[in-house]
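A.B. asks: Below: one structure in structure tokens.
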Amino acid sequence: MSYLISENTAINYLWPTNTSKTITTLFGEKRSRRFHAGIDVRTYGKIGDKIFAIESGYISRIKISPDGYGKALYLKLDDGNTALYAHLDKYNPEIESLVNKLRIDNSSSFINHYLKENKLRFNKGDVLGYCGDTGSLSGPHLHFEIRDESGQPINPLKGYYSIEDTLRPIAESLAIIPLDNNSFINGLQGYSLFDIEPLLLNNNTNTYKYFIKDTISVIGKFGIGLQAYDQINSSPFDFGIYEIELLINNKNQYKINFDKYDFDHDHLIYREIDYYLLENESKSFHRLFLNENSQLDFIDKSSNKGITLDKGYHNLIINVTDNFNNSVQIQGVLKGDIVLPPDIIYDNNNYILKTTYPNNDLSLLISTRYENSRSIIPNYTQIDSTTYIFEKPLKPYEVLELYNKDLGIKSKSSFISFYDFNPYKISGDFEIEHINTHIKINFIEDEFSGYNAKLILKGENEEVIDLNRYKKNILTTGLIKVNRLDNINQISIVYETEPEIVFNKSLYGTIFKSNIKSSLKFKEFELVNNKDSFYYDSFIGIENEQVKIPKNYDKISDPIIIYPNTIPFKEYMILKYTNNKISNGGIYQYNEKNETWIFKGKINKNESTDIKLYSGGIFCILNERKSPIIKNIFPNNNSYYNANDMDKISFNLVDLESKIDHNSIEITLNNQPVYYDYIPYRDYVRANLLNELEKGENIIRISAKDNLSNTSIKETTFFIK
């Protein structure tokens, strides 16, 4: 069950439907490259509930598309606002009659028609249509928006409708985000996540306060990210937050509230939601700082662009509020100083460890050489404040982690190996990460080696960078400027072993400037940017990638990977396939989460093929020859019906490889075109018959193509008694 809505009597808008007065999605929530512009009303899987004019006005626009909003209706209200109803099953008879005429006049099932003012008026409470499941969705519901006089979306739950909601938001996790190469969080250069713990009073889980257990050491310029969501009485869903306010030392640093926004700013979604954490952690963190997103109407323009602290202690407060003024507060302490890890001397023959200065707050853990192994407390005896003797550990537990704390601040961890590791067994992979305006080059070891190493950048000149151990199995450069990869064609890691162990990686990429058009060619592919492709200068690389191709595809090119995939492009880049001798096939992108290939664009013979990219990924040119499947046709072949029983044609249309080209679907009845609705998520096509059929034989012809022009045609004959 979702939560209850009631009309706000001050505004006196009618609730838009007679289905449940419940909601599944709120205004401003994250969608792919956009914000959610309205609310979704739950229909509990039903189709056919009425939608009403929430206030008197006229129909200003009717749009029918196979994706997006599906069947949509725009009602211009007398007060200047516009109510949008989307994913409809059908319109009321008057509008439906107009739609049928528009389809015939335009010879198309899909229309986008604007009406003159007051041509088609309705009074408050009139039935406009019926809830359905058309367009891009995964189940029936009503998407409902209110737009202001300028056509921009505004929050329907602020000033128009109210709900009975007594539950507070939930705070999940805090992120500290480095913003320059002098940023260190608890001694580390990279994103750092911290658990937020609820303060439970009298076992009441509806807490109003959260806290961060340990003091966080932060030096250099940094930003804060917050993972939080709202909860609603008796609802199984997680909802977006309405307002977030950040204070440090009781001074306002950031504020956001989801009241309204401009559609032109949809591309800024990944400046408000942290894209790096979305890709790496599959979690949504709100970025509580300005970062090329000050245009967003959501955000207070006086907000910070990054924070730098002095060496003292600083109080952190984050207030989180939902649409109905239920709120929580998160408290923590930051210190603008760093605690250095302990210097150690280790006697590998006798398992004796010495620190170079007394330390009474040293933590010791032991684990295996693998990254995600469980850590346990080792058996040891502390001889004095600087000396520890360990029992001989049993393999595979042979890696000691140690760190110290000073006044609650944790240092970076150090790692030592209780047993020597054969350097010839060292193995791992390079990783290049974009961290906002900087990059990190990592070498991720399959097993902890315990050895130090250097990184060499090779190109027109050669540069050596000392690596530090970021985590047990990760050696890193830390944050370095992007331009250090300019004209670099190879990176090498050299271990300080006898003999030296060296790993090389060819680097094929370039630095794309944020305001200059340029390109990068790789075999038969080419990447082209424009002046608005990037927020800041970015290194983009391409290389071959090993990915299994399913048997139902023909591989035309080797798969390539475009990296990194942890930064969003501001607008888009163009990926071109320049082999114009290929006559069949398409560009596909690999979905690593469900191991499927997704069609992105058809190959055009005698010309290059272009698709838009909004981030990196794995791509390949594939072909397949499997035609769409047309099945479950109604009326059934060679069947007899009464005339008044035959009011529609329906069938399923399935293509798993390149999907259906919805513009290619053609239906004729006795050689006359029939206009239809296409519902992709159900692989379903339906067409209402406008006129009663005469007695005798009737022939339906269905033709459809997939996106690679593989074609299926079916005919069926039925009879009217």
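The values are calculated or read from the model by the stated rules, or taken from the named source; none is laboratory data. Given the structure is predicted, the values throughout are model-derived calculations rather than measurements. A quick note on method: Cβ atoms are made from the backbone with ideal geometry, for glycine too, and the neighbour counts reach across all protein chains shown.
A.B. asks: Tally up the residues in segment 273-300 that are in a helix (DSSP H, G or I) and touching a residue at least 60 places away in the same chain (Cβ under 8 Å), please.
C.D. replies: Of all residues in segment 273-300, those in a helix (DSSP H, G or I) come to 275-281.
Filter again for touching a residue at least 60 places away in the same chain (Cβ under 8 Å), leaving 275-277, 279-281.
The total comes to 6.
A.B. asks: Out of Ser65, Ser60, Ser56, report the one residue that is small (Gly, Ala, Ser), surrounded by fewer than 23 Cβ atoms within 10 Å (Cβ to Cβ), modelled with pLDDT of 95 or more and closer than 13 Å to Arg147 by Cα.
C.D. replies: Ser60
A.B. asks: Looking at Asn580, Asn544, which one is surrounded by fewer than 16 Cβ atoms within 10 Å (Cβ to Cβ), in contact with an Asp or Glu (Cβ under 7 Å, 6 or more places away or on another chain) and within 18 Å of Gly617 (Cβ to Cβ)? Full working, then the answer.
C.D. replies: Numbers: Asn580 fails: within 18 Å of Gly617 (Cβ to Cβ).
None of the others qualify; the one that does is Asn544.
A.B. asks: When only residues in segment 342-367 that are free of Cβ contacts under 8 Å to residues at least 40 places away in the same chain and assigned to a loop (DSSP other than H, G, I, E, B) count, which is nearest to the chain's Cα centre (by Cα)?
C.D. replies: Per the stated criteria, the residue is Asp343.
A.B. asks: Anything in segment 424-464 that is farther than 30 Å from Glu292 by Cα, among the polar types (S, T, N, Q) and in contact with a Phe, Trp or Tyr (Cβ under 7 Å, 6 or more places away or on another chain)? List them, or say none.
C.D. replies: Ser449
A.B. asks: I would also like to ask the following. Filtering segment 374-418 down to residues that are in a strand (DSSP E or B) and of a type in the set (Asp, Glu), which residue is nearest to Leu334 (Cα to Cα)? Walk me through how you get there before you give the answer.
C.D. replies: As a first pass, look at segment 374-418 and keep what is in a strand (DSSP E or B): 376, 380-382, 387-390, 399-406, 409-410, 414-417.
Now narrow it down to the ones that are of a type in the set (Asp, Glu): 401, 406.
Numbers: Glu401: 24, Asp406: 13 Å.
Restricting to residues being in a strand (DSSP E or B) and of a type in the set (Asp, Glu), the top hit is Asp406.
A.B. asks: Which of the numbered conditions does Tyr536 fail, given that it passes all the others? Conditions: (1) buried (at least 16 other Cβ atoms within 10 Å of the Cβ); (2) under 21 Å from Asp610 (Cβ atoms); (3) of a type in the set (Ser, Thr, Tyr).
C.D. replies: (2)
A.B. asks: Leu77: out of contact with any Lys or Arg (no Cβ under 7 Å at 6 or more places or on another chain), free of Cβ contacts under 8 Å to residues at least 24 places away in the same chain, surrounded by 14 or more Cβ atoms within 10 Å (Cβ to Cβ) and not assigned by TED's automatic domain parsing to the domain that holds Ile212, yes or no?
C.D. replies: Yes; evaluated as a whole, the condition is true for this residue.
A.B. asks: Here is a follow-up. Just to check your reading of the model, which residue among Pro499, Pro550 is closer than 30 Å to Ile465 by Cα and at pLDDT below 95? Steps first, please.
C.D. replies: Details: Pro550 fails: closer than 30 Å to Ile465 by Cα.
Just one listed residue meets the conditions, Pro499.
A.B. asks: Could you check how many residues of segment 598-651 are without any contact (Cβ under 8 Å) to a residue 12 or more places away in the chain and either buried (at least 16 other Cβ atoms within 10 Å of the Cβ) or more than 30 Å from Ser32 (Cα to Cα) (or both)?
C.D. replies: Residues meeting the conditions: 1.
A.B. asks: OK, next. Of these, Ser492, Ser533, Ser557, Ser514, which one is more than 30 Å from Asn293 (Cβ to Cβ) and assigned to a loop (DSSP other than H, G, I, E, B)?
C.D. replies: Selected residue: Ser557, the only one of Ser492, Ser533, Ser557, Ser514 that is more than 30 Å from Asn293 (Cβ to Cβ) and assigned to a loop (DSSP other than H, G, I, E, B).
A.B. asks: Out of curiosity, is Gly190 at positive phi and buried (at least 20 other Cβ atoms within 10 Å of the Cβ)?
C.D. replies: For Gly190, the condition - at positive phi and buried (at least 20 other Cβ atoms within 10 Å of the Cβ) - is met.
A.B. asks: Please go through segment 301-341 and pick out each residue that is touching a residue at least 60 places away in the same chain (Cβ under 8 Å) and among the small types (Gly, Ala, Ser).
C.D. replies: Within segment 301-341, Gly306, Ser327, Gly332, Gly336 qualify.
A.B. asks: A follow-up question, please. Scan segment 213-235 for residues that are surrounded by fewer than 17 Cβ atoms within 10 Å (Cβ to Cβ) and touching a residue at least 60 places away in the same chain (Cβ under 8 Å) and jot them down.
C.D. replies: To start, the set of residues in segment 213-235 that are surrounded by fewer than 17 Cβ atoms within 10 Å (Cβ to Cβ) comprises 213-214, 233-234.
The answer is Asp214, Asn233, Ser234.
A.B. asks: Residue under question is Ile511, and the condition is that it be in contact with a Lys or Arg (Cβ under 9 Å, 6 or more places away or on another chain), closer than 21 Å to Ile439 by Cα and surrounded by 15 or more Cβ atoms within 10 Å (Cβ to Cβ); does it hold?
C.D. replies: It is false that Ile511 is in contact with a Lys or Arg (Cβ under 9 Å, 6 or more places away or on another chain), closer than 21 Å to Ile439 by Cα and surrounded by 15 or more Cβ atoms within 10 Å (Cβ to Cβ).
A.B. asks: In addition: Of the residues Val494, Val482, which is under 30 Å from Tyr370 (Cβ atoms) and surrounded by fewer than 18 Cβ atoms within 10 Å (Cβ to Cβ)?
C.D. replies: Val494
A.B. asks: Within segment 80-107, restricting attention to residues that are aliphatic (A, V, I, L, M) and within 22 Å of Asn155 (Cβ to Cβ), which residue is surrounded by the fewest Cβ atoms within 10 Å (Cβ to Cβ)?
C.D. replies: Top of the filtered list is Leu84.
A.B. asks: State the number of residues belonging to segment 457-479 that are part of a strand (DSSP E or B), surrounded by 14 or more Cβ atoms within 10 Å (Cβ to Cβ) and β-branched (Val, Ile, Thr).
C.D. replies: The qualifying residues number 3.
A.B. asks: Another question, if that's okay. Being more than 12 Å from the chain's Cα centre (by Cα) and surrounded by fewer than 20 Cβ atoms within 10 Å (Cβ to Cβ) is the filter; apply it to segment 264-289 and report the residue that is farthest from Leu247 (Cα to Cα).
C.D. replies: Filtering segment 264-289 for residues that are more than 12 Å from the chain's Cα centre (by Cα) and surrounded by fewer than 20 Cβ atoms within 10 Å (Cβ to Cβ), the one farthest from Leu247 (Cα to Cα) comes out as Asp264.
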